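Since the structure comes first, as structure tokens, the remarks are kept for the end.
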Amino acid sequence: MMRHKMKFKKLLAVALIITMMSSLLGCSYSKKSDSSASGGGASSGSSTSTLQNIIKNGKIKVGIMLTTAPFGMYDDKKKPTGLDVDYAQALADSLGVELELVDMTADNRIPSLETGKVDVVVGCFTITLERSQKIAFTDPYLAMGSLMMVSADSKATSYKDLAGKKVGVVKSSANEAVAKSLGVDFKIVTFDATADADLALENGQIDARIEDSTIMEYDAKEHPDKFKVIGENLTTPSYCGFGVAFGDQVWLNYLNEFIFEQTQNGFTDKTYKKWFGKESTMPLNPTY
């Protein structure tokens, strides 16, 4: 009987040891799994946010299109200027760092973010579902539509009058999709930059162009002898945001707070009126 009791106690001790080891191994595996599930990127806690890197290095690299007046362009002294340049400078000032502008085309805005060439793109960047599959967007800082522009002496009064004609758009812009969605057989011609499309229309290489309403209104105001806007907005309002790479919620949160404060303190309205000579006719915040 004693022998059986001793044997039972040994088996019980072994069972307890196995149970304790299994529990410890389970905890270890769980921690590893939790760590793996959190993924990489600056937002996981294991990496430094772009925000912290910018402050540490004392410089922010902002992607911008300097061939898209009045958002980005060069003044008479070859110095970058424009609405987006004003926003970029205000952002740098809010961080207390130096601003480095990186000129780019519409086509390379997303690749520049994906490869880490810039910290953020402030480049007349329309928020779309397709683009949101590749990068993250901030809250909107600008609302706009799409308009058609023709030469000042054109007889066209509507986009429907341009069937079979050459219509220019900026490559990889939201307006390229707009041109294709109107159901008119345009001969679509793509350009790398807004300035190129402007020149093509002025020289008669194209018959019309479709562009953001803000840009069209600015061009028509600046050059009434060359261009005129025809018809109404071709789309419902669209919204522009800053573009950033995936995986850094801390940086995205800061940028959203920055945009919110600019809207609250009057910077947004003041800057729009500075470049377009009037207040925006489109509400910045959509109605749900």
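The values are calculated or read from the model by the stated rules, or taken from the named source; none is laboratory data. Predicted model, so just to flag it, every value in this text is computed and none were measured. Because the Cβ atoms are built from the backbone with ideal geometry, glycine has one as well, and the counts that use them run over all protein chains shown. When the accessible area is computed, the model is the full protein with side chains, heavy atoms only, and any ligands, DNA or RNA have been set aside. Shrake-Rupley method; radii C 1.70, N 1.55, O 1.52, S 1.80 Å.
Mind checking whether some residue in the stretch 44-59 is closer than 29 Å to residue 178 by Cβ and modelled with pLDDT under 95? The answer is no, given that none of the residues of the stretch 44-59 is closer than 29 Å to residue 178 by Cβ and modelled with pLDDT under 95. Does at least one position in the stretch 232-254 carry a residue that is touching a helix residue (DSSP H, G or I) at 6+ places or on another chain (Cβ under 7 Å) and open to solvent by 90 Å² or more (accessible area, probe 1.4 Å)? Yes: one or more hits.
State yes or no: is residue 260 in a loop (DSSP other than H, G, I, E, B) and either of a type in the set (A, V, I, L, M, F, W, C) or open to solvent by less than 70 Å² (accessible area, probe 1.4 Å) (or both)? Taking the combined requirement at face value, the residue does not satisfy it. When 106, 92, 69 are checked against the criterion of being at pLDDT below 95, among the aliphatic types (A, V, I, L, M), out of contact with any helix residue (DSSP H, G or I) (no Cβ under 7 Å at 6 or more places or on another chain) and surrounded by 14 or more Cβ atoms within 10 Å (Cβ to Cβ), a single residue qualifies: 106. Within the stretch 109-124, the set of residues being surrounded by fewer than 16 Cβ atoms within 10 Å (Cβ to Cβ) and either touching a Leu at 6+ places or on another chain (Cβ under 9 Å) or assigned to a helix (DSSP H, G or I) (or both) comprises 111, 114.
Evaluation of residue 214 against the conditions (1) closer than 25 Å to residue 180 by Cα; (2) in contact (Cβ under 8 Å) with a residue 40 or more places away in the chain; (3) open to solvent by 40 Å² or more (accessible area, probe 1.4 Å) shows that the sole unmet condition is (3).
Remark: pairs (first residue in the stretch 141-165, at positive phi; second residue in a loop (DSSP other than H, G, I, E, B); Cβ separation under 8 Å; 6+ apart in sequence or on different chains) = 164/185; 164/186. Listed conditions (1) open to solvent by 70 Å² or more (accessible area, probe 1.4 Å); (2) over 24 Å from residue 105 (Cα atoms) are all met by residue 228, apart from (1). As a summary of the residue check, residue 215 satisfies the conditions (1) within 17 Å of residue 65 (Cα to Cα); (2) part of a loop (DSSP other than H, G, I, E, B) except for the one numbered (2). Any residue that is open to solvent by 10 Å² or more (accessible area, probe 1.4 Å), under 22 Å from residue 108 (Cα atoms) and touching a Leu at 6+ places or on another chain (Cβ under 7 Å) - is there at least one of those in the stretch 191-209? No, that holds for no residue.
Just one of the numbered conditions (1) closer than 24 Å to residue 161 by Cβ; (2) outside any helix (DSSP H, G or I); (3) open to solvent by 70 Å² or more (accessible area, probe 1.4 Å) is not true of residue 221: (2).
Selection within the stretch 224-240: residues that are within 18 Å of residue 142 (Cβ to Cβ) and assigned to a strand (DSSP E or B). The member of this set that is modelled with the lowest pLDDT is 238. Among the criteria (1) hydrophobic (A, V, I, L, M, F, W, C); (2) under 15 Å from the mean Cα position of the chain (by Cα); (3) at pLDDT 95 or above, the one residue 143 does not fulfil is (3).
Return a yes/no flag: does the stretch 271-278 have any residue that is in contact with a strand residue (DSSP E or B) (Cβ under 8 Å, 6 or more places away or on another chain), part of a helix (DSSP H, G or I) and modelled with pLDDT under 95. Within the stretch 271-278 (the criterion being in contact with a strand residue (DSSP E or B) (Cβ under 8 Å, 6 or more places away or on another chain), part of a helix (DSSP H, G or I) and modelled with pLDDT under 95), the answer is yes, since at least one residue qualifies.
If I ask for residues that are closer than 16 Å to residue 140 by Cα and among the aromatic types (Phe, Trp, Tyr), which ones from the stretch 264-285 would you list? Scanning the stretch 264-285 gives 267, 272.
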